[in-house]
Protein chains: 2
Amino acid sequence: MTGWLRVVGLGPGDDALVTPEVRAALAEATDVIGYFPYVARVDPRDGLTLHGSDNRVEVDRAEHALRLAAGGARVVIVSSGDPGVFAMASALFEALEQRPALHGLDIRILPGITAMLAASASAGAPLGHDFCAINLSDNLKPWALVERRLRLAAQADFAMAFYNPRSASRPHRFAQVLDILRHECGPHRLITFARAVTTRDERVTTVTLAEATPEMADMRTVVIVGNAATRRVGRFVYTPRRAE
Amino acid sequence: MTGWLRVVGLGPGDDALVTPEVRAALAEATDVIGYFPYVARVDPRDGLTLHGSDNRVEVDRAEHALRLAAGGARVVIVSSGDPGVFAMASALFEALEQRPALHGLDIRILPGITAMLAASASAGAPLGHDFCAINLSDNLKPWALVERRLRLAAQADFAMAFYNPRSASRPHRFAQVLDILRHECGPHRLITFARAVTTRDERVTTVTLAEATPEMADMRTVVIVGNAATRRVGRFVYTPRRAE
C-alpha cells in the first residue's frame, strides 16, 4: 500500500462550496487530521480514522500526518477555506523541511474557497480590483510589521482583506487597525464585516470607517476594506475595475 | 416566473474544482452568458440558451444579463476562476449602477477557485503569508499605478500574485515588471510561473528573479512572487507562516 498526503480546503462553511476534488480525496482517505471543528465537518465511516486536535499545534499535526503517510496511510489534512491562505499548507511544508527523507512522498495541496472570496461574494465585489490579504494576528510576526503593511497597502490603494482581525488575547489591536485606516484612508472609506459567511450565522455589514467599531469583528469575521473608488450599488458594495 | 441572476466562478479549468453551488445554479439556468471559452465549459441541454461573447465587452454582457433576468429568465454569467477577482462581478455592478430600477433584482455572486489559489496549491504554498493580487493589465488603469503598487508591495514584503502578466499588445511591460522586482527584491527572490493550472496543459516552474525572462509568462499564466522568506522544500516552494 502506498501512502499519500493531501492538504485540502473545506471552504468557508457551506458544504455546497466543497469542491468535488476535495470530496474525492476524503472518500479515499484512511485518516483525516485537523483542528477539531474542521474534522467535525467530515462524516465518519468504516475504515476512516478522524484525528481532531487543538488549535496552535499546526506543526505537530503536520508531523503526525507525515508519519502516517510515510507508513502507508492515505492522509487528508483539513483546513477551512483554502489550505494555502493562512492555513495548514505552510505548516506542512515547515514540517517537511525537517524531514528530507520524506521529500519524495506523494503530497498534493487541493485548493478551496478561502473566506475572503466568499465574503466578497456575499457583499458584492469589494475585491474587484487589486487587493491584499493580511493576517492581523501577531502570534507569528511582530505587530510593527502588521502596522507597516497596513500603511503601505493604504498608500498603494489596495482593497484589503483581513483574516483573524480580533481575538480575546489582544482585543485592543483591532482598534489600532481602525485608527491607522482612518488616518490613511479617511472616514468615508467603506469597510465590510463578514461574519461566519455561508453558514446559518452569516451576517454581512458594510459601514464607513467613521462608523466602524472594534466590536464589529470577532474571530469568525473576515474584514474587507475598499479602495478609494469602492462604493455601494443597491444593497451591494463593489470596487470598479477601472482606476485613475 | 421570477427571474434571477447569478455571477459564478468556474474555477481555473478542471471540472473537479467547480463547486456544487455553481453546478446547481447552472442546472436551473435558462441562459448562460460569458466569454466564449468559459461558456464552452457548460454542457448544452434543452431549455438552456448559451450566449458566448467576445472578450472586452464585459459591461455589454452584464447589461444583456440584467435585461434577461428582468424579463423573467434565470441567468448565469460565467467567469473563470472567481467572479470577484478580476472578472465579471464588478462589471455586473458597473452595469447595475446605471439601472436603479433593477436594484431589487434577485442577484447573487457565487465564489469559485481563483487562479492564484490553484497556482499556489500546485506550486506548494507560496501565498502562505500576507500577500497581494495585482492585475498587470493597463487596459483599465494607468501603467504608473501598476509600477507604484509593485514597489509598495515589495516594500511591504508581500508575496504577490499577478493576473494577466503579458499580452501581445504590450509585450514589453512584463520585462519592466521583472526589472522593478529585481531592483526591489534582489536577484535571489523566487518567482513561480503557473500556466494553465489544473488543465492538461499545466506547467508550473519556479526560478529566481535573476533567471526569470518575460517569455516565461503568457496570458494563460499566473505569476507568483515570494516574499523575502519564501523558499524551496523538495519539489515545492512555500512561504513560512512566521516573519521577523
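Coordinate-derived values only; no laboratory data. Keep in mind that what you see is a predicted model, and the values were worked out from it rather than measured. Neighbour counts are summed over all protein chains in view; Cβ atoms, including those assigned to glycine, are modelled from backbone coordinates with ideal geometry.
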Next item on the list: Using the Karplus curve 6.51 cos²θ - 1.76 cosθ + 1.60 with θ = phi - 60°, work out ³J(HN,Hα) for each residue of region A:15-20 in order, rounded to whole Hz, and write x for Gly and Pro.
Entry: 4, 6, 10, 7, 6, x
Note to self: Once you keep just the Cα pairs under 8 angstrom separated by 6 or more residues, what percentage relative contact order results for chain B?
What the structure shows: 20
Next item on the list: Work out the length of the dipole vector of region B:36-141 about its Cα centre, built from +1 on the beta-carbon of each Lys and Arg and -1 on the beta-carbon of each Asp and Glu, and round it to the nearest 20 debye.
Entry: 200
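To make sure I understand, if each residue's beta carbon is the centre and we count other beta carbons within 10 Å, what order do B:80, A:90 fall in, fewest to most?
Numbers: B:80 21, A:90 29.
In increasing order of surrounding Cβ atoms, one gets B:80, A:90.
What order do you get for A:6, A:189, B:151 when you list them from fewest to most C-beta neighbours inside 10 Å?
Numbers: A:6 25, A:189 19, B:151 16.
The most exposed by this proxy come first: B:151, A:189, A:6.
Pull up the DSSP beta bridges for the protein assembly as shown and report the antiparallel fraction as a percent, rounded to 5. Spell out each step's value before the answer.
Details: 39 of 93 bridges.
The answer is about 40 percent antiparallel.
By its C-alpha gyration tensor, with a ≥ b ≥ c as the square roots of the eigenvalues, how is region A:199-244 shaped: rounded for a/c under 1.5, else prolate for a/b larger than b/c, else oblate? Don't jump to the answer; show the numbers that get you there.
On the way: a/c = 2.22, a/b = 1.66, b/c = 1.34.
Prolate shape, in that a/c is at least 1.5 and a/b is the bigger ratio.
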Margin query: Please report the antiparallel percentage of DSSP beta bridges with both residues in chain A, rounded to the nearest 5.
Written below: 40
Item checked: 5 angstrom amide H check on residue B:53, placed H, neighbours 5+ away -> B:34, B:35, B:36
Item checked: Calculated from backbone phi, Karplus (6.51, -1.76, 1.60) coupling profile of region A:222-234 in Hz, x at Gly/Pro -> 9, 10, 10, 9, x, 8, 5, 9, 4, 8, 8, 9, x
Note to self: Using only DSSP helix segments of four residues or longer, with each worth -39500 (n - 2.57), what per-residue ellipticity at 222 nm results for the protein assembly as shown after dividing by its residue count and rounding to 500?
What the structure shows: -9000 deg cm²/dmol
Check: With a Cα-only, solvent-free Debye model of chain B, what are the log10 I(q)/I(0) values at q = 0.09, 0.14, 0.17 Å⁻¹?
Finding: -0.43, -0.92, -1.19
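Which of the three applies to the protein assembly as shown, rounded, prolate or oblate, going by the alpha-carbon gyration tensor with a ≥ b ≥ c and a/c under 1.5 meaning rounded?
Numbers: a/c = 1.31, a/b = 1.17, b/c = 1.12.
Rounded, because the longest to shortest axis ratio a/c is under 1.5.
What is the fewest-to-most order of B:188, A:172, B:129, A:64 by other Cβ atoms lying within 10 Å of their Cβ?
The order, fewest Cβ neighbours first, is A:172, B:188, A:64, B:129.
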Item checked: Span from the region A:84-134 Cα centroid across to the region B:134-193 one, whole angstrom -> 22
Item checked: Mean separation of Cα contacts under 8 Å, 6 or more apart, over the residue count of region A:37-147: relative contact order % -> 21
Checklist line | Tensor-based shape of region A:53-186 (alpha-carbon gyration tensor, a/c under 1.5 rounded, otherwise prolate or oblate) | finding: prolate
Notebook entry, point to check: Which residue fluctuates the most in chain B, going by a Gaussian network model with Cα springs under 10 Å, if the choices are B:32, B:207, B:233?
Noted result: B:233
Check: Using a Gaussian network model of chain B with C-alpha springs under 10 Å, which one of B:125, B:65, B:24 is most mobile by mean-square fluctuation?
Finding: B:24
Notebook entry, point to check: For region A:186-199, in order, what is each residue's ³J(HN,Hα) by Karplus, 6.51 cos²θ - 1.76 cosθ + 1.60 with θ = phi - 60°, in whole Hz (x at glycine and Pro)?
Noted result: x, x, 8, 4, 7, 9, 10, 9, 10, 9, 6, 4, 6, 9
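Based on alpha-carbon positions alone, could you give the equivalent ellipsoid semi-axes of region A:143-191 from the gyration tensor, as √(5λ), descending, whole Å? Walk me through the intermediate numbers first.
Details: eigenvalues 66, 29, 20 Å².
Taking √(5λ) for each Cα gyration eigenvalue gives 18, 12, 10 Å.
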Margin query: I'd like the antiparallel share, as a percent to the nearest 5, of DSSP beta bridges with both residues in region B:83-210.
Written below: 55
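Can you give the Kirkwood hydrodynamic radius for region A:139-244, in Å, rounded to one decimal and based on Cα pairs?
Working: mean 1/r = 0.0699 Å⁻¹.
Evaluated on region A:139-244, it is 14.3 Å.
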Check: With all pairs of different alpha carbon atoms counted, what Kirkwood hydrodynamic radius in Å does region A:64-112 show?
Finding: 11.3
Check: Which whole-number percent gives the relative contact order of region B:171-244, counting Cα pairs below 8 Å spaced six or more residues apart?
Finding: 29
Notebook entry, point to check: Rg/Rh for region A:19-89: what does it come to with C-alpha atoms and Rh from Kirkwood?
Noted result: 0.92
Next item on the list: Quick one: which residues, 5+ away or cross-chain, put their amide H under 5 Å from the amide H of residue A:237? H built at 1.01 Å from N.
Entry: A:124, A:125
